[in-house]
Every structure is written in structure tokens, then in C-alpha cells.
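Worksheet for the structure shown next.
The values are calculated or read from the model by the stated rules, or taken from the named source; none is laboratory data. Computed from a predicted model, the values in this text were never measured in an experiment. Here Cβ is always computed from backbone atoms with ideal geometry, including for glycine, and neighbour counts include all displayed protein chains.
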Amino acid sequence: MVGMNGSQPILQVEDVELSFGAVQALIGVSVDVYRGEILAIIGPNGAGKTSLLNVINGFYRPQHGRIVFLEKERPKHFRPYQVARQGIARTFQNVALFKGMSTLDNIMTGRTLHTRTSFLSQALYWGRALREEEVQRRRVEEVIDFLEIESIRKTPVGRLPYGLQKRVELGRALAAEPELLLLDEPMAGMNVEEKEDMSRFILDIRDEFGVTCVLIEHDMGVVMDISDRVVVLDYGRKIADGPPHDVRTNREVIEAYLGVAHE
Amino acid sequence: MLMSTSAIGGTALDTFPKRLLERAQQHPDKIAIREKAFGIWQEWSWRQMLEEVRALACGLAALGMHRGDKVAIVGDNRPQLYWTMIAVQCIGGVPVPLYQDAVANEIQFVLDHAETRYAVVEDQEQVDKLLSVWDHCPRLEQLIYQDSRGLREYGEPFLHAFAAIQTQGRSYDAEHPDFFRQQAAMGRGGDLAVILYTSGTTGSPKGVMLSYDNIMITSCHAIAREGLRDDEEIVSYLPMAWVGDHLFSYGMFYCAGFTVNCPESGATVMHDVHEIGPTYFFAPPRIWENILTTVLIRIEDASWIKRKIFHYFMNVAQRVGSRKLAKEPINAWERLLYGIGDLLVYGPLKDNLGFGRIRLAYTAGEAIGPEIFTFYRSLGINIKQLYGMTEASVFVCVQPDGEVKPDTVGTAMPEVELKISDSGEVLYRSPGVFMGYYKNPEATAATMEDGWVHSGDAGYLDENAHLKIIDRARDVSRLADEHETLFAPRYLENKLKFSQFIKEAVVHGADRPYIGVFINIDLEAVGNWSDRRGLTYTSYGDLAARPEVYDLIQGEIERVNASLAEEPQMAGAQIQRFLILHKELDPDDGELTRTRKVRRGVIAEKYGDLITALYSDGDHVAIEAQVMFEDGRSGTIRADLQLRDITPTAALAAAR
């Protein structure tokens, strides 16, 4: 299969099986993600959406199947930080920030992977470490400017309202300059205005930085508005994959959402 | 057009373009303008700024702009937008700055009325706004945006990036090397420099035409009288469409040559002020109030010992500070106490607010509460009241140093003549008086006679030639009681607004038996007050309807009544009934002007039921109100409002 703009997939998930003891979280799931698209993963609770993201960023290792990122097959032993270094960043369903640290410092942690100097020279804050910090800081400031969070630069994130914390978390992921961004329910618990802002940011991330986005989202309005393609999971299986409009009218999807009895 | 007869008019540097060229030659490396971007203050010297302006001006010419063309400017205070203003003037055009928070149909009116051919805007938000009315503005030809974020997919052929126009300008400049200087030298002092639309509390906005002479002579007088120098630092954060910003960040900037600092965003202004430490600062009363409210809230949340120290030394400051600032004698003990207070409280507080270096601060636009005014003066901040208006290029009166009286707006500025008409209205004449309203000779004739401008304000001159303003002349009205008591709504509203809990008040009473008032609570102050009492609330409307909040506001109104009772001519006009509105009055709903002044006509029409209820017996009233959301959609808010009576007991005490 070839993407909308004729490109090769940036990420291929092939026939992935994941189980925890007797519980089968993912059953033979295959998904291709194309460069520059916004792909939404939807499905009822427990369908395996977050498990799929965790497999993609190396947090879970599937028992079966393979993952190809940037045309390189991922070795079985890869750890999440190695996956991150390849260019996959993510945000979490429950905000996972350092609450006592400022917005700036939190986003700065997203730059860790790009830091080259040693711990010792950073501690001394001298020479190369100092110059490097300036470069990192400029990148972080670009992210802050992009997400319009200048006014909370120095505020400890624990004191920020939830919607802003989500934005800071997105900022940290962006600071890593990923090729692929995984967003786990980026709009959960937000009001209409915050959702609109977040939608705009996601679209702009794709348009301005060319970052490919995979997101899990429950708000169908948002999914229909911003995604190019939708993948539907139900009980660990992929039951639909296509443009938002086709998926919305898919009988199997409607059944899964309406809770028709499962054999 | 008449030649300027002013004492300092008619110099060789009679336009801003000429001033720019002169500054760039005399002080090429002095910092002209800064903007905080990416967390750092970016700087442009006069020479660099001239290069930017030159590129833009040539780019606009390459785009087909001619002398006399009008150019709309919409956005926050950005160096690029200030450069647009001067670039347009350099090639003989007329900038028309618009309020950046205006909704689409307000913008449409001005674009259409001003016949603008070009628009230069800040970002996607403004581009979207203009595109939504594009088809209704046939004269508008080209749209230029400064920040390209989110605009990549826009395919409109008339849409250009600011940087691209400058690039075209540089090649145009290379092909026509004499063009820029020739054009820049062409303007004359009497030429139209800018059109500023006044939001107006009634009717459609009017385009006030100001000449270079108007603005430059007024600026130069103010600089001379207040002793401003070229090493001042100011922060430009008030709307560019407002005449105040045009004078402070533009007129006086070119005439004095000081440095303008543009904040990072609207939300970071106070932080940016803290970093810059301006020496000359301007704010309307609501901003001074907000700062004070924030300080008081933070003090309330501090430990008891800090609270005690703060209150003790603020008392000292109240007794000593203003006298010290006025250079009146103070004894050694007071001087010692004030010194300790400066070390422990005033200095750190001023530094925290970014006011540590202020030499001159103004408040204008509305009356400021005496407590608020005294608070800043007692800290040693030289805050002064200014009386001005768009039609006068701002400056009419300023409180002179050493003669600051809280209840007057000071004495006339140089070359400003004042007189009071038989009906009690303030009239003025000065070199700053405007050229007329654009395409509205009837309104011009109604406002101006033989160069004398009707201010629309009722006031009088006291024995020391200080001007005292009472109210808008047309708002002063009479109650329909047995004495036909005269009352000034604005005077009462200001007294109410001096309370930190009251954000806005609308007084009613013309041809009614008593005075009733609508109150808008201050969400931050009342919210904090209720937090400390453990009262919970879900929204503004919910908080506003709490009986405890009604009690709080009743107490505030009773205090106002008590102070009214002390003034013989005001004692009869006390407030007898009030209600707290369920939503904040908002310029987007047309209830306030863009400069946050109450539009009585709109409110009377929209809240007619509430006014009827103020003058009937019921103790509550149901209301449905249309609100406009920021994206232009509208919705309905329903609420049930309580009404409460207040017995003007204090009036009896005064009668005794």
C-alpha cells in the first residue's frame, strides 16, 4: 500500500501479537503510518489502543510480529530510549511531567537525547557544555513560542491548569525533534476551547515541522476534523482502517461502539 | 492647510520620516526598539531600524502603493507593525491602526470607511478576520502578514509575507536608489499623518485625522515640560490603535529618541515590565488597579509576620511618602521610618513590579481611585493624572510636579488654552487639535468651533487653574424625586470601582425616583476572598449570585454612600438598590468600548428588563442574554438575578 502522497510508510507495524498471561491485548495487528499524515487510533475501552502505542515506542515487546521504522527493522532487544533516539516521541494519557520543575525545565528534559556533553562538564557548566546549553535553549524557546506558553515559562507545572500541563507535555515531546509523535489522548479532560487550541497545534506541528502524528482520541468530532486516516481497534483486533468518512459509516465500527454482543 | 503657528513648529524635521533619517544619522548605534522573542530581548539600533523600514517602504511601493493611500495595521505591539507605520509615512501614505481585539464587523466598518488599499496584520488570527470580511471591502487589494505560522496552506494571491515584501523592497531599492530618500523628504508638517478611529461610547467610530504638526508639537511640549530624555525606557503594550500609544510609543519616541520595548505577548506584559524596568510608564486606571489587587492578594496569602510588616510600613508610607515626593518637609523620625520601610517593603515591592526605575508615570482615560493613586505615590512612584483625548493628540492637562492633587487633572499643557462654556462644558484649543473627522464634516463642525474643541466633559477650573472633571456633560442628569436631585453617574461609578471587589458599575437614575446600579464583580479579588472563606463556586455567574457576595458588595456600596453623604451636593444621590450582573460586561458584546468605557445606550437596550426590575418591587429577575464567543459564534446565557435594597442611612447623618 502506498500513502496519500505516494510515499513509503515511515512506520510499519506487522502482524503484532501482544499478550499479558491469558489476556490478549493485540491480536495480529498491522498498521502502516505514512510520512506527514495524522493517524487517529480509536476504539472502545480496553481495545488495545494504548498497548499499540506502547509497542510502537518500545515500552512493550510483542511476542510476535515486527516493527519497521524508517525502513529499518527494530531489533527485539531495543529499549524505549533507543526507540526515542531513532525519532519517536510521545505524550501520556495521564500527564507525566516533573511537577516541581518549571515549564522551561520540563521541556528542556526533552532535549536530553540531543545532549552530547558529559555529566561532569555539564555540572561544571563550562566551555562546550555552556555553548551546547545555549543551542538547546534556543530550540526549547522555539517550542515555547510555537505553543504560545511564554507566560508560564518559569511557572512550576504543578501549579498549571490541566489543559496547560498537556500543552507542556506536548512541548517536551516536540523538543526531542521527533520524526513520529505519539499522542495518547491529547485532549482528554479539556473544554471545547482547549480542544480547539490543541487541534490547531497538532495540525500546525504537521504543517510547520513535517512531523507525522499518531493519536488516540475519543472525541469523534476532533478525530473527524483533524485526522487523515483512522484505525479502529476492538478487542485487540484491527476492524477498520481508512479515511474518517469511510470509517464512520463502517457497520462493524458502529457495532463495536454501540456495544453489540460479541461472540 | 494652515502653517503651524506654534512656538516650536515649522522646524526642518517636521515629519516622522525626517526624524527617522536624522536619528539614524546622529545616533546610528543607539538602541531604538527591542522585542522579547524566544525568551531573549532582540534589539534594533536606529540604523538597523532604518534599513528595515526602508526595505518595507520600497516593498510597498513595488506593490503599487501611492502617496495618499491608506494602510490598515492590525496586531499587538510588534516592531514590524511600528515599522509599517513609519514606512507608510515615508512614501506618503497614511497608516490606520485598528484595535487588534475588534471583531470582524467592527474591522469591516473601519476598513470600508477609511478606504484602505492595503492591510498589514500580525498573524493568522488577524488574517482570518480580514478574510472573513474581504468580499465586503472592495477597496482592499493586498494583505500582508508578519507571522507566517499556520498560513502555509492559504492560497490567496493577494496574501504576502512581511519578509517577502521586504525582500522585494531591497531589490526595488537597488533599482531606484534615490526613491526612498526623495519620498521621505517630501512630507510637510501640516500633512495628514495618521487616522485614529475612536471607539466612541455612542454611534459608529469616527476617524480622527492628526497631522505631523499635531503629534510632534504636542510630543515636544510634553517632553520639555516633563523633562524626558533619550535614555528613557518604555514598554509598549497598549493597543496601537489608541491615541495614547501613538503618542508615547510613536510621537514621543521619534521626538525624544528613547527606547521602545515590545513585550513577548499580551500575557507576559507584567513580567516583561519587570525585566525592562521602565523609567516612563503609562497605564489606564484599570491596570494600576489590577496591579494593586494582585499585590494585595499576594499579601493576604503571605505569612502573618510579613502581613504585619507590610501594613505597618504602608501606613508609614501613606503619612510620609506623598509629602516626600512633593518635597515637603518631613521630620527626622519620619525620614528614618520611611528609610527602613524602603529597605524592607517599598524597594523590594517596586523592584518586584518592575517600577524600581520609574521617573514618570501617567494614568489617564478614567478617574483613578484616590486610594490607588495614593498607594503608588506613597511608594515614591511619581504617578500623575493626565487629561487628554484623541482630538487633542492626547495632552490637554497634566498634574505638574509638586502640585499633584488627587481630585484634579492638573494644569493646561504649554500652548493649550482652556475655557468653560456657559453650560459647564470644558473647551480647549491647542496646536494638537485635530484636522477633523475623516469624511464626516458634520461631526467635525459639531465638535469644533473656531479651533475650540468641545470635550464633552463637564468640569471647572479651581483657584490654582487646575482642571476638575465631574462627568461626561451629557450624562449628568436629574432624579425624578421631589428635589430633582442632580447626579453624575460616572462620578458614582468611579467611587464604586475604587473598591477592589467591583470591576465595573453602571449607575441608573435619570428620571427615576432613586439611584440603582448594576455591579460587575472582580473575579480575581472576589474569587480569592471566597477561597479564603471556604466558599466554593463553579463559574463567574455562580460566584456573582452567592448571597455572601451580595453581602460583600452591599458593604462596599454602603461605604460609598457614607462618603457621598459627606459631600453636601452629592448626599441626595445615594445608591438605594443594586444587582450583580451574571456576566462580565465585554467589548465583544458591544457593552464596553475597546478602551473599556461603558456604553450606556447599548446596556439600556440590552438589559431593559433589569432596569425595569431595579425600579419595581420584585426581589429577583430572570434574564436571558446573548453573548458573543471569541470565535464569533454567539450563544445564550440564562440566569436568575437577585435585587437588593440599601437604606441610605448615612444621608440622614449628614443632614443632621
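Data table
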| read-out | value |
| --- | --- |
| Tabulated pairs, segment B:253-277, first acidic (Asp, Glu), second crowded, with 21+ Cβ neighbours inside 10 Å and assigned to a helix (DSSP H, G or I), C-beta under 8 angstrom, 6+ apart or interchain | B:GLU264/A:GLU150; B:GLU264/B:ASP272 |
| Yes/no for B:THR84 being away from chain A (no Cβ under 14 Å) and either basic (Lys, Arg) or more than 25 Å from B:ALA32 (Cβ to Cβ) (or both) | no |
| Looking only at segment A:143-183, and only at residues there that are hydrophobic (A, V, I, L, M, F, W, C) and more than 18 Å from the chain's Cα centre (by Cα), the one that is farthest from the other protein chains (Cβ to nearest Cβ) | A:VAL157 |
| Tally, over segment B:417-472, of residues that are surrounded by fewer than 21 Cβ atoms within 10 Å (Cβ to Cβ) and of a type in the set (Phe, Trp, Tyr) | 2 |
| Subset tally (residues that are within 14 Å of chain A (Cβ to nearest Cβ) and in a helix (DSSP H, G or I)) for segment B:110-126 | 2 |
| Any hit, segment B:292-306, residues being away from every other protein chain (no Cβ under 14 Å), surrounded by 20 or more Cβ atoms within 10 Å (Cβ to Cβ) and touching a residue at least 40 places away in the same chain (Cβ under 8 Å) | no |
| When residues of segment B:490-525 are limited to those that are among the acidic types (Asp, Glu) and in contact with a strand residue (DSSP E or B) (Cβ under 6 Å, 6 or more places away or on another chain), the one surrounded by the most Cβ atoms within 10 Å (Cβ to Cβ) | B:GLU493 |
| Members of segment B:465-491 that are basic (Lys, Arg) and under 29 Å from the mean Cα position of the chain (by Cα) | B:LYS468, B:ARG472, B:ARG474, B:ARG490 |
| Enumeration of residues in segment A:162-185 that are among the hydrophobic types (A, V, I, L, M, F, W, C), part of a helix (DSSP H, G or I) and within 21 Å of A:GLN136 (Cα to Cα) | A:VAL168, A:LEU170, A:ALA173, A:LEU174, A:ALA175 |
| Any strands (runs of 3 or more DSSP E) falling wholly within segment B:451-551 and containing at least 1 residues that are of a type in the set (Phe, Trp, Tyr) | B:452-461, B:515-521 |
| Qualifying residue in segment B:585-593 (condition: touching a helix residue (DSSP H, G or I) at 6+ places or on another chain (Cβ under 6 Å) and assigned by TED's automatic domain parsing to the domain that holds B:LEU641) | yes |
| Residue within segment A:184-195 that is in contact with a Phe, Trp or Tyr (Cβ under 8 Å, 6 or more places away or on another chain), more than 14 Å from chain B (Cβ to nearest Cβ) and surrounded by fewer than 17 Cβ atoms within 10 Å (Cβ to Cβ) present | yes |
| Conditions (1) in a strand (DSSP E or B); (2) more than 29 Å from B:ASN440 (Cβ to Cβ); (3) not acidic (Asp, Glu): number failed by B:LEU151 | (1) |
| Some residue of segment A:14-30 being surrounded by fewer than 21 Cβ atoms within 10 Å (Cβ to Cβ), in contact with a Ser or Thr (Cβ under 8 Å, 6 or more places away or on another chain) and assigned to a strand (DSSP E or B) | yes |
| Given (1) free of Cβ contacts under 8 Å to residues at least 60 places away in the same chain; (2) closer than 23 Å to B:GLU115 by Cα; (3) in contact with a helix residue (DSSP H, G or I) (Cβ under 7 Å, 6 or more places away or on another chain), index of the condition B:GLN183 fails | (1) |
| Residue that is nearest to the chain's Cα centre (by Cα), among those in segment B:258-280 that are over 21 Å from B:GLY75 (Cα atoms) and crowded, with 21+ Cβ neighbours inside 10 Å | B:TYR280 |
| Boolean, A:ALA256 is within 24 Å of A:PRO80 (Cβ to Cβ), in contact with a strand residue (DSSP E or B) (Cβ under 8 Å, 6 or more places away or on another chain), of a type in the set (Gly, Ala, Ser) and more than 14 Å from every other protein chain (Cβ to nearest Cβ) | no |
| Members of segment B:130-148 that are closer than 19 Å to B:GLU52 by Cβ and either in a loop (DSSP other than H, G, I, E, B) or within 14 Å of chain A (Cβ to nearest Cβ) (or both) | B:GLN146, B:ASP147, B:SER148 |
| Unique residue being modelled with pLDDT under 90 and crowded, with 18+ Cβ neighbours inside 10 Å when the list is A:VAL223, A:VAL253, A:VAL231, A:VAL168 | A:VAL253 |
| Segment B:462-487: number of residues that are at pLDDT below 85, within 20 Å of B:VAL409 (Cα to Cα) and hydrophobic (A, V, I, L, M, F, W, C) | 3 |
| Total residues in segment B:117-141, condition touching a helix residue (DSSP H, G or I) at 6+ places or on another chain (Cβ under 8 Å) and either of a type in the set (Ser, Thr, Tyr) or over 24 Å from B:ALA57 (Cα atoms) (or both) | 5 |
| Residue in segment B:542-549 that is surrounded by fewer than 17 Cβ atoms within 10 Å (Cβ to Cβ) and either of a type in the set (Phe, Trp, Tyr) or within 30 Å of B:ALA412 (Cα to Cα) (or both) present | no |
| Extreme residue, nearest to the chain's Cα centre (by Cα), among residues of segment B:201-227 that are among the aliphatic types (A, V, I, L, M) and more than 15 Å from B:MET413 (Cα to Cα) | B:VAL208 |
